[in-house]
Amino acid sequence: YPKMIVPIFVGREKSIEAVQKANDKGSDMVLVMQKKADVEVPAAKDLYKVGTLGNILQMLKLPDGTVKILVEGVERIKITAFHDNKSYFSAETEAYPQQKEDDQELESWARAVVSQFEDYVRANKKIPFDVVQSVKQIDDYAKLADTVASHLTLKTADKQFLLEASTLKERLNKLLQLIDTEMVVWEVEDRIKNRVKKQM
């Protein structure tokens, strides 16, 4: 997501070549997800058209031939054309527009997301509680939504929905639904674990 800094491990020859070209030229990378993870040699039709423009901060070649890069998301983009240069993919892009919205209404949605996320972190216990404190300090609602989303365990389709949503309200609403679903799943899992313990 934009403004997020994440490590990515790159293993395919085409992807490594694309990373190398972008790094050598000091240019940004286009980061998009595959529609199906099990497609080993993806073509343009196997990739989503909306993704994130990424800036390579660090690049490290590993002994096993893979490459580890540290990437910072810049902005949401839409791919207007794919080019298969045989050894790597390149793309033409344009900024992915977000509609303007009422700040007061967004503030209410943002507060609800922060509150729900706090409950999520307390229940999860895998995410440091410091993350909640840093989320509370974010006054850019778009960045807040992306930061919260980056800490959730989401399916590819849900991640893509959050990227493609044309309004911030839509993204915040979806986040609330996703967090709520995760909380319900954990509650059911806890009940099952407790029932098994009692039976044992």
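The values are calculated or read from the model by the stated rules, or taken from the named source; none is laboratory data. All figures in this text were calculated on a predicted structure; none of them were measured in a lab. Reconstructed Cβ throughout: ideal geometry from the backbone, glycine too, with neighbour counts over all protein chains shown. Heads up: the accessible areas ignore ligands, DNA and RNA and are worked out on the full protein's heavy atoms, side chains in. Shrake-Rupley method; radii C 1.70, N 1.55, O 1.52, S 1.80 Å.
Things worth noting here:
- Only a single item in (1) more than 14 Å from the chain's Cα centre (by Cα); (2) modelled with pLDDT of 90 or more is not met by residue 38, and it is number (2).
- Failed item, numbered, when residue 4 is tested on (1) among the hydrophobic types (A, V, I, L, M, F, W, C); (2) within 27 Å of residue 134 (Cα to Cα); (3) without any contact (Cβ under 8 Å) to a residue 60 or more places away in the chain: (3)
- Pair list, Cβ under 6 Å, 6 or more apart: the stretch 33-53 residue under 12 Å from residue 156 (Cβ atoms) and of a type in the set (D, E, K, R), other residue modelled with pLDDT under 95 and part of a helix (DSSP H, G or I): 35/46
- Of all the residues in the stretch 47-56, those that are under 17 Å from residue 164 (Cβ atoms), open to solvent by 20 Å² or more (accessible area, probe 1.4 Å) and of a type outside the set (A, V, I, L, M, F, W, C) number 2.
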